[in-house]
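Taking it in order: structure first as structure tokens, then the write-up.
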Amino acid sequence: MIMPKKAPGHSEADAIFRQTGIYGKTALILGTWAGSGLMPFASGTFGTIAAVPVVALSSLFSAWISALFLLIMILIAIWASQVVHRLLAKVDPSEVVIDEVAGFLLTMLWIPFSLKTLVAGFLLFRIFDIWKPWPVRSAEKLKGGFGIVLDDLVAGLYANLLLRLALYFGFF
């Protein structure tokens with residue numbers, strides 16, 4: 001992974017990446033989703049964009065394989081978020097975007113994959129993740145990797161349900 005030398009606001013992630021061992025480096029690479037979380041602004045949006053290939057790949061498999069893939073991604077996201085949160089000494093580091101990957105995977109779980117559903121799912125997920133209606137905001141208050149990931153999963157669930165309603169009523 002190429003870490004920017006002077007990413008505004010993220011120089012501490014760069015410094016820690018250079019100083020930490022393989023365990024920390026792995027968590028930083030996964031947690032920042034290969035550096036997409038190091039964007040100087042809208043890191044969550046860039047992290048969600050970077051999740052599109054994973055969502056597309058997941059759509060190629062059966063519903064249950066996709067669900068298993070999501071579960072594995074959630075577990076990895078909780079672990080990586082916890083490690084990066086401790087390394088950077090931040091409650092909810094903006095650099096961590098693997099939670100957006102897990103949330104967007106949940107948004108698109110068992111949704112027919114098309115450009116329309118992908119764009120609609122992306123927009124709905126980002127709206128719920130930024131707006132944080134109840135209980136998304138409550139989930140965000142939980143500590144550690146679990147709390148970092150849970151609010152995005154709740155936002156993803158809201159987006160998934162709304163996308164299902166749109167499909168049911170023939171919007172796509």
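Being hydrophobic (A, V, I, L, M, F, W, C) and not in a helix (DSSP H, G or I) is a condition met by no residue of the stretch 144-165. Counting residues in the stretch 21-35 that are among the small types (Gly, Ala, Ser), part of a helix (DSSP H, G or I) and farther than 19 Å from residue 152 by Cβ gives one or more. From the list 71, 75, the one residue that fits, being over 15 Å from residue 108 (Cα atoms) and part of a helix (DSSP H, G or I), is 75.
Count of the stretch 122-143 residues, restricted to those that are surrounded by fewer than 17 Cβ atoms within 10 Å (Cβ to Cβ), in a helix (DSSP H, G or I) and not aliphatic (A, V, I, L, M), is 3. Among the criteria (1) of a type outside the set (S, T, N, Q); (2) part of a helix (DSSP H, G or I); (3) under 19 Å from residue 33 (Cβ atoms), the one residue 96 does not fulfil is (2).
The residues of the stretch 39-69 that are among the hydrophobic types (A, V, I, L, M, F, W, C) and closer than 18 Å to residue 126 by Cα, listed by number, are 39, 41, 42, 46, 49, 50, 51, 52, 54, 55, 56.
Counting the residues of the stretch 57-68 that are in contact with a helix residue (DSSP H, G or I) (Cβ under 6 Å, 6 or more places away or on another chain) and part of a loop (DSSP other than H, G, I, E, B) gives 0.
Cβ separations smaller than 6 Å between residues 6+ apart or across chains give the following pairs from the stretch 59-78 residues that are closer than 15 Å to residue 103 by Cβ and modelled with pLDDT of 95 or more to residues that are among the β-branched types (Val, Ile, Thr) and in a helix (DSSP H, G or I): 77/98; 77/149; 78/149.
Would you check if residue 101 is more than 22 Å from residue 158 (Cα to Cα), in a helix (DSSP H, G or I) and of a type outside the set (S, T, N, Q)? Taking the combined requirement at face value, the residue does not satisfy it.
The values are calculated or read from the model by the stated rules, or taken from the named source; none is laboratory data. Quick caveat: nothing in here was measured; it's all calculated off a predicted structure. Note that each Cβ is placed from the backbone with ideal geometry, even for glycine, and that neighbours are counted across all protein chains shown.
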